Structure formats: structure tokens, C-alpha cells
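Enquirer: Below you'll find the structure I mean.
The values are calculated or read from the model by the stated rules, or taken from the named source; none is laboratory data. Because the structure is a prediction, the values reported are computed rather than measured. Counting neighbours? That spans all protein chains shown, and the Cβs are built from the backbone with ideal geometry, glycine included.
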Protein chains: 2
Amino acid sequence: MVYFDNAATSFPKPNTVYDAIMEAMKDYGANPGRSGHKLALKSSRGIFETRELIAKLFNIRNPMNVILTFNCTESLNLAIKGILKRGDHVITTSMEHNSVLRPLKYLEKEGIETTIVKGDSMGRINPLDIQKSIKPNTKLIVTTHISNLTGTIMPIDAIGKIAKEHGIFYLVDGAQSAGVYDIDVDKMNIDMLAFPGHKCLFGPQGTGGLYVREGIDIEDVFQGGTGSISYSLDQPDIRPDKYESGTPNAPGIIGLGAGIKYILDRGIDNIRSHEEELTQHFIEEITKIEGIKAYGPLNVKEQGAVVSLNIREEDSSEISFVLDEEYDIAVRPGLHCAPLAHKTIGTFEQGVVRFSFGPYNTHEEIEFAVKALREIAREI
Amino acid sequence: MVYFDNAATSFPKPNTVYDAIMEAMKDYGANPGRSGHKLALKSSRGIFETRELIAKLFNIRNPMNVILTFNCTESLNLAIKGILKRGDHVITTSMEHNSVLRPLKYLEKEGIETTIVKGDSMGRINPLDIQKSIKPNTKLIVTTHISNLTGTIMPIDAIGKIAKEHGIFYLVDGAQSAGVYDIDVDKMNIDMLAFPGHKCLFGPQGTGGLYVREGIDIEDVFQGGTGSISYSLDQPDIRPDKYESGTPNAPGIIGLGAGIKYILDRGIDNIRSHEEELTQHFIEEITKIEGIKAYGPLNVKEQGAVVSLNIREEDSSEISFVLDEEYDIAVRPGLHCAPLAHKTIGTFEQGVVRFSFGPYNTHEEIEFAVKALREIAREI
């Protein structure tokens, strides 16, 4: 089986991740931060270690500013709803995932106004368009780092500068980039960074995180037991407890830590180079095939390890089905929970067939997929 | 090591749970409900199977009314915040966990009024006290099924009847009961049932659920990608998608399914009998020890597998520390995220040492703990 659906979830994970999860479950599967016995303390320490590894990866000074969540959608909802109040204005882009667009749409009825800056046909966002959309009541800019549809790398550096100059908070959705592309929250003026655990960070599903810069006060969405200040009925006003109610996914978080260690050991630059080579290889080959239309910048300086394509007018689900059934190649068709991005590049009706690569993919697999696409394009 | 902290998280889990999680991660670790390839479909099917098993266990007719969450705290927040609106009145009890009390405290500033019915010194709630608290604007009654402090079994049958008679919604917190005590949402007039995956259902941490009766419309808290109706910026108004945004904890949910299968195979009555025997044995022995004060009804007809105690005036953390360090017995001291319950039974200052038993505990372990307590009580 050839797995080219890494943008949905990375697979497989490093063996150290599976081992860490299993050890956490079998050897010290207690509730972290609740009791004081040895197993509970070991579990708590494992979670803190992951917090520190995340902080190291994104150059976050204080690990307590890393909120551990259960997925990137929770992180984005927490950030967006935690900061926006009635009368605020927020700027986002047409290249966002529904995990950004749907919370913003929901907030419209709460009196929050959204401007959606449109990307070009390759999914690129012009930072000047963002600057021009700023109003006196603009409180937040939220953009993805890498499009989950076209792989387009967004100019987050430039947007971060604009946000800083205007005193506006900047939230980055690192769903497709965290773990592969350098993210330095300080240098890049990122006020909040949302990321999933189960994609490029190689943790299991059920993990994610949100960095919130020191001094930014966002509201909590859930309240409950935190194992801290238990005598009070008020949610503790300390980080990260304020945002982490109830039992966390301890084995998952510990597995996420093992995933980040893998990245640090192999080297983020080495992982990125490998993915860039695969992506470039794939782009070069498929653009030679008659009948294939590929989307995005088609150039790894501007594009992550995500390549979307169509074969003539054929429905994307049909092509994906054939790839799965006849070639055992796993890709993702359809709208990828990003309807406006599809409208932006003109594929809202047809969808696209999305290929997304990871560190365990090989050039042989790329060749195999290219051969498959060549055959399918010939037959259709 | 003797693990008596099952009320915090059950440990160990059945081996089939570990195996199911590992298989889901290693053999088909794709993103369920997002793509259409074989691995993704297998993962989706695994999740649906868990939904069906949950439905079977609680006599829920339609598995789509089971919302899968990441912990019981999320389930309770979703239920409480989803149903209460400004001007509503809610009745709860002093025996609740902070996962109920803190959301209600939070909602006070949103104009929602709470009445807290007080338990007696054994943590028992009189249904008549709940009935007497009903006002014209009472929208919701929320109570735990079994206290996480005293193990007291609440009269949920009687409360369910009262709620139904008055057209009030009834939310049950099954954190300490789901998987050991019979819960039939129809017979018991339970409109919403919140439960964790990682306690008596033997799933891993990072899993939980909320049943919401057909026809009750609760609001969604998070919005995002659901893999359904992706063309729309509005959150889909279908169950369970409306409440399940972003990537779920698929391996965890599949592990939870294996946990429920274990319960159905071993028999919920057999598990409960085993725990009742252990609890009765423990209660009988410790109540003979001079200097020990035990709390709750101290009778397994009224008490689950949770027994809290103190030794004279000694701090509960100190006793727990000695049990852990000198006897390798894991228990939980302190306030157990239930401050009002501690006030109810008079242990707010001292805390208690909580013992909680599970299906893997044995009478030998009970004997060993009793011996340890006897020694400690003699020395202090």
C-alpha cells in the first residue's frame, strides 16, 4: 500500500511513538496531575516533557504557554472564540480550512465581522490585501501557514509584521506545517499558533496544541476539574490549567513527545528536504502527463508536500477510487473541508485528487503513482 | 504495585484494549470520515462500531445520538452549555464534581441561576429536595450517578421521574458508574448522559461521550471540518457531526469499543458483583480499625466501589504518601475536584484518602491494604 494522505493524518508514525504510547498505557496508565502516587507523577512528567519539546520546536520561552488540546480544531476554536468579542473585526483568507471558517461564520451571529481576503488562482495570498483590509476595530488576523488544498506556503513572516505594526493579534494555523517548516513564534510575530499532534508532529490522533503569547488573555471555553485549586468553584486563572479541564489524553501526549523527538533527532531540515525532493519529483512528472491539471504554485519554494490534481473533467472521487482499488494508493478526493479554497482555484464542482507526502514516502512510490496516473489518464 | 485509583482512571485495561489501539494505529492509522480509501474506511467503521456498542450498553435506540468526545468534562460542558440559555434555572447537588460545578459557576455571569441541593453527611441526596427546588424557569437537573468522593449511589430513577413529570431535562454524570451499573436511558428518563471512556468503560484516556435524546436540540460549542457537507461554511445540522469537529481520537475510540466488548463479554453484573464484594470486604475490615474514620453509606447497596477515609486528624496527602512510598499502594488524597462534596461530609480541610476498586483488583490486595492501614493507624 502506498499512503499519500499525510495531510489528513501522518502514517505510519515512528516506532518510538507507538512504543511510547504503549508504555504509557501499560506501565504507568494513571491519571496525570490528579493523584500523587508514582504512576500519576510519571504520567505528569511525561506530559510536561512534551510541553517542553513543543516549546523547544517553536521557540516558545515558557512551556506553560503551550495549551494541550485534543485536535487542531479545538485549538483554533479556543483561540478564535477566546479573543474575539462583539464588535470586533477579523481578517482571514479564502484558503482556510473549515476549522477556521466555520467558527468565524458562527461568530457572525454574535456580532463579529469577518473579511475574507481572496487568494489568486495558485492559492497565494498577497500580504498587501491583508493590510488594506485592516479597520480600526480589527482585533485578529488568522491565516493558515500552508494550504491543505494547494500546498501554497503563505507569507506568514510578512503578515506577522503587518499585524505587529498595527497592534493586531496574529493566529497561525500550522495544521500542515508544524513539524516540517521552521516556526519561530517570536521572530515571526506569531501571537497564537494552533497545531495538530497527529500530522507532521507524528503524535497519535486525539492530540493538538495552542500556543498563546504571554500576556494575551483569552477566555476559556470549557471549565472543570484541573487537579489544581480544587477548593474553588471558579476555573483557575493560571496557564495552562485554565484551558485544560478534565483528564487529558496522557498516552497520546506522551506519544506526541516521542514524535517531536523523532523530528529533532532526524532534523527538521532533513525531513523538509526529503519531502521537497519527493514533491518536486512528483510535480515534474505529473505535469508532463497529458490530461492532468495540477494546482498550486508547482514549485517547492512556494509549496509544501501537498499536490492536488485532476484528470480532465473526471470526478475526483472516481479517480481516487481507481487509485485505491486498482493501485492500492491512498489519496483524498473531494473538497478537503476547504470550500472557499476550492472556489479560489476553480475546483468547487469537480473537487481535486490530493496527494500528500511524508517522511516515510519514497521516490519509488512517487514513480509508482506517476505510472498509475499515466495509465488512468490514457484510459479516460 | 496495588492500584486503587480506578475512580481517576481504570488501570490496567483489558489486553484486548491495548491490542485494538495498537492495531488501529499500526495497521490502519488513517483519518476516519475524511478520505475514501480502504484505511480511512476501516477506521470509520471502527468508530461506528464503538458508537453501536455504547448504544447497546445504555439502551440508546439510535447510535447517531451518541456524540463522541475527548473526555467527560467536554461531554458535561457540551450538555450544560448547549441547553441552558439566559434566564434559565438549573438544579444540581452538592455532591458534584467540578466538571459540573465550574461550568455552572461560569454560566452565572451569563444570567443562568443555579440551585445546589445539599446531600446529607453520607453524601445522600433526597429526591424531594430536588422536587422542592423546581421553579417555573427550571430547564435542567444535573446530578452524578455515583459520587467520586463517597461512592454514594444517587436515586437517579426517582430524579428522572421528577424531571419527566415537570418537563425538565435530566442530565446524568456517569463518570463513576457507566460500565458497572445498569443505565437504561429510556427506562430511567435520562435525557442526556455524559460518560468518560477511560474509567469503567476501559477505554484509553482521550475518550468520552455524550448521549442526547432524539429531538433535544443542544447548541454546538466548536465548529470545524466534519468531513460532511464540506461545501458549506455552516456547521452541519446533523448528528453526530454537528458536535464532532476535527479529527477524532480514532485509535482511542476503537480501544474504547474493545473495552465495552470486555464488559459485555464478562457481564456487567459480574463486574459489579466483583467490585461489590471487594468494597464490602474493605469496608468491613477498615471500620474495625481504631482511628479510621470512613465516609459514605458504607454499604454496597448504596455505595459504589469508592471508599474514602481518614486516619484521625492526619492530612490525607501524608497518609497517601506513606501508602505509596512504603506499601506501593496507589490511592488519591486531597479534594478530588469536588469541594462542595467535601464540605457536605465535613472533610474540606483534611481531604480524604480515596480507595477505588476495579475488576482487576483482588481480595489479596484488599487484605494487604487493610494491613497497611492497620499499621499506619497504630503508628500515628
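Enquirer: Which one is surrounded by the fewest Cβ atoms within 10 Å (Cβ to Cβ) among residues in segment A:327-342 that are in contact with a Lys or Arg (Cβ under 9 Å, 6 or more places away or on another chain) and either assigned by TED's automatic domain parsing to the domain that holds A:Glu96 or farther than 9 Å from A:Phe4 by Cβ (or both)?
Expert: Of all residues in segment A:327-342, those in contact with a Lys or Arg (Cβ under 9 Å, 6 or more places away or on another chain) come to A:327-328, A:330-334, A:336-337, A:340.
Keeping just the survivors that are either assigned by TED's automatic domain parsing to the domain that holds A:Glu96 or farther than 9 Å from A:Phe4 by Cβ (or both) gives A:327-328, A:333-334, A:336-337, A:340.
Numbers: A:Tyr327: 18, A:Asp328: 14, A:Pro333: 24, A:Gly334: 22, A:His336: 30, A:Cys337: 27, A:Leu340: 21.
The residue in question is A:Asp328.
Enquirer: I've got another one for you. Of everything in segment A:317-347 that's within 7 Å of chain B (Cβ to nearest Cβ) and among the polar types (S, T, N, Q), which residue is nearest to A:Leu104 (Cα to Cα)?
Expert: Checked segment A:317-347; the qualifying residue nearest to A:Leu104 (Cα to Cα) is A:Ser317.
Enquirer: Regarding A:Ile345, is this residue of a type outside the set (Lys, Arg) and at pLDDT 95 or above?
Expert: Details: of a type outside the set (Lys, Arg): yes; at pLDDT 95 or above: yes.
Yes: the conditions hold for A:Ile345.
Enquirer: Now a separate question. Would you pick out the residues in segment B:327-349 that are more than 23 Å from A:Asp234 (Cα to Cα) and part of a helix (DSSP H, G or I)? Show your work before the answer.
Expert: From segment B:327-349, those more than 23 Å from A:Asp234 (Cα to Cα) are B:327-331; that's our starting set.
Selection gives B:Tyr327 alone.
Enquirer: Same structure again: Pull out all pairs, ordered by first then second residue, where Cβ-Cβ is under 6 Å, the residues are six or more apart or on different chains, the first lies in segment B:361-374 and is assigned by TED's automatic domain parsing to the domain that holds B:Glu275 and touching a residue at least 60 places away in the same chain (Cβ under 8 Å), and the second is surrounded by 13 or more Cβ atoms within 10 Å (Cβ to Cβ) and of a type in the set (D, E, K, R).
Expert: So the pair list comes out as B:Val370/B:Glu285.
Enquirer: In segment A:1-36, how many are in a helix (DSSP H, G or I), buried (at least 24 other Cβ atoms within 10 Å of the Cβ) and more than 7 Å from chain B (Cβ to nearest Cβ)?
Expert: So the answer is 4.
Enquirer: Out of A:Glu276, A:Glu379, report the one residue that is without any contact (Cβ under 8 Å) to a residue 60 or more places away in the chain, of a type in the set (Asp, Glu) and under 28 Å from A:Ile125 (Cβ atoms).
Expert: Numbers: A:Glu379 fails: under 28 Å from A:Ile125 (Cβ atoms).
Checking each option against the conditions leaves just A:Glu276.
Enquirer: In addition: Which ones in segment B:56-88 are under 21 Å from A:Gly252 (Cβ atoms) and among the charged types (D, E, K, R)?
Expert: Matches in segment B:56-88: B:Glu74 only.
Enquirer: Looking only at segment B:155-173, filter to residues that are out of contact with any helix residue (DSSP H, G or I) (no Cβ under 8 Å at 6 or more places or on another chain) and surrounded by 24 or more Cβ atoms within 10 Å (Cβ to Cβ); which one of those is farthest from B:Pro297 (Cα to Cα)?
Expert: Out of the qualifying residues, it is B:Ala163.
Enquirer: Which one of these is acidic (Asp, Glu) and within 22 Å of A:Cys72 (Cβ to Cβ): A:Asp129, A:Asp120, A:Asp157?
Expert: Values: A:Asp129 fails: within 22 Å of A:Cys72 (Cβ to Cβ); A:Asp120 fails: within 22 Å of A:Cys72 (Cβ to Cβ).
Among A:Asp129, A:Asp120, A:Asp157, only A:Asp157 is acidic (Asp, Glu) and within 22 Å of A:Cys72 (Cβ to Cβ).
Enquirer: So B:Tyr360 ticks every box in (1) crowded, with 17+ Cβ neighbours inside 10 Å; (2) under 22 Å from the mean Cα position of the chain (by Cα); (3) away from every other protein chain (no Cβ under 11 Å); (4) part of a loop (DSSP other than H, G, I, E, B) but one. Which box is left unticked?
Expert: In the conditions (1) crowded, with 17+ Cβ neighbours inside 10 Å; (2) under 22 Å from the mean Cα position of the chain (by Cα); (3) away from every other protein chain (no Cβ under 11 Å); (4) part of a loop (DSSP other than H, G, I, E, B), B:Tyr360 misses (1) alone.
Enquirer: Then there is this: The conditions are (1) under 28 Å from A:Pro14 (Cβ atoms); (2) more than 10 Å from chain B (Cβ to nearest Cβ); (3) touching a residue at least 40 places away in the same chain (Cβ under 8 Å), and A:Thr247 fails exactly one of them. Which is it?
Expert: Result: A:Thr247 passes all but (2).
Residues are listed down the side, and each one gets a yes or a no for (1) within 21 Å of the chain's Cα centre (by Cα); (2) without any contact (Cβ under 8 Å) to a residue 12 or more places away in the chain:
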site	(1), (2)
B:Ala24	no, no
B:Ala30	no, no
B:Ser35	no, yes
B:Arg45	no, yes
B:Phe48	no, no
B:Glu52	yes, yes
B:Lys56	yes, no
B:Arg61	no, no
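Enquirer: Considering (1) surrounded by fewer than 16 Cβ atoms within 10 Å (Cβ to Cβ); (2) over 22 Å from A:Cys200 (Cβ atoms); (3) within 14 Å of chain B (Cβ to nearest Cβ), say which one A:Gln350 fails and leave the rest.
Expert: Exception for A:Gln350: condition (1).
Enquirer: Return the residues of segment A:77-107 that are in contact with an Asp or Glu (Cβ under 9 Å, 6 or more places away or on another chain), surrounded by 24 or more Cβ atoms within 10 Å (Cβ to Cβ) and facing chain B (nearest Cβ under 7 Å); say none if nothing qualifies.
Expert: Answer for segment A:77-107, where residues must be in contact with an Asp or Glu (Cβ under 9 Å, 6 or more places away or on another chain), surrounded by 24 or more Cβ atoms within 10 Å (Cβ to Cβ) and facing chain B (nearest Cβ under 7 Å): A:His97, A:Ser99, A:Arg102.
Residue-by-condition table, conditions (1) assigned to a loop (DSSP other than H, G, I, E, B); (2) polar (S, T, N, Q); (3) touching a residue at least 40 places away in the same chain (Cβ under 8 Å); (4) loosely packed, with under 15 Cβ neighbours inside 10 Å:
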site: A:Ile283; (1), (2), (3), (4): no, no, no, no
site: A:Glu290; (1), (2), (3), (4): yes, no, yes, yes
site: A:Lys293; (1), (2), (3), (4): no, no, no, no
site: A:Val300; (1), (2), (3), (4): yes, no, no, no
site: A:Leu309; (1), (2), (3), (4): no, no, yes, no
site: A:Ser320; (1), (2), (3), (4): no, yes, no, no
site: A:Glu325; (1), (2), (3), (4): no, no, no, yes
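Yes/no per residue for (1) assigned to a loop (DSSP other than H, G, I, E, B); (2) of a type outside the set (Val, Ile, Thr):
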residue	(1), (2)
A:Glu219	yes, yes
A:Asp234	yes, yes
A:Tyr262	no, yes
A:Asp265	no, yes
A:Ile271	no, no
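Enquirer: Restricting attention to segment B:212-259, which residues are closer than 14 Å to B:Asn65 by Cα and of a type outside the set (D, E, K, R)?
Expert: Passing the criteria: B:Val212, B:Gly215, B:Ile216, B:Ile218, B:Ile238, B:Pro240, B:Tyr243.
Enquirer: So, one more: Within segment A:218-236, take every residue that is at pLDDT 95 or above and more than 9 Å from every other protein chain (Cβ to nearest Cβ) and give me the one that is nearest to B:Thr344 (Cα to Cα).
Expert: The residue in question is A:Pro236.
Enquirer: With respect to B:Pro297, is the statement that it is touching a Lys or Arg at 6+ places or on another chain (Cβ under 8 Å) and more than 11 Å from chain A (Cβ to nearest Cβ) true? It would help to see each step written out before you state the result.
Expert: Working: touching a Lys or Arg at 6+ places or on another chain (Cβ under 8 Å): yes; more than 11 Å from chain A (Cβ to nearest Cβ): yes.
Here the answer is yes, as B:Pro297 does meet what is asked.
Enquirer: Could you pull out the residue among A:Ile311, A:Ile253, A:Ile292 that is within 12 Å of another protein chain (Cβ to nearest Cβ), of a type in the set (A, V, I, L, M) and touching a strand residue (DSSP E or B) at 6+ places or on another chain (Cβ under 7 Å)? Before you say what the answer is, go through the steps one by one.
Expert: Details: A:Ile311 fails: within 12 Å of another protein chain (Cβ to nearest Cβ); A:Ile292 fails: within 12 Å of another protein chain (Cβ to nearest Cβ).
Only one candidate qualifies: A:Ile253.
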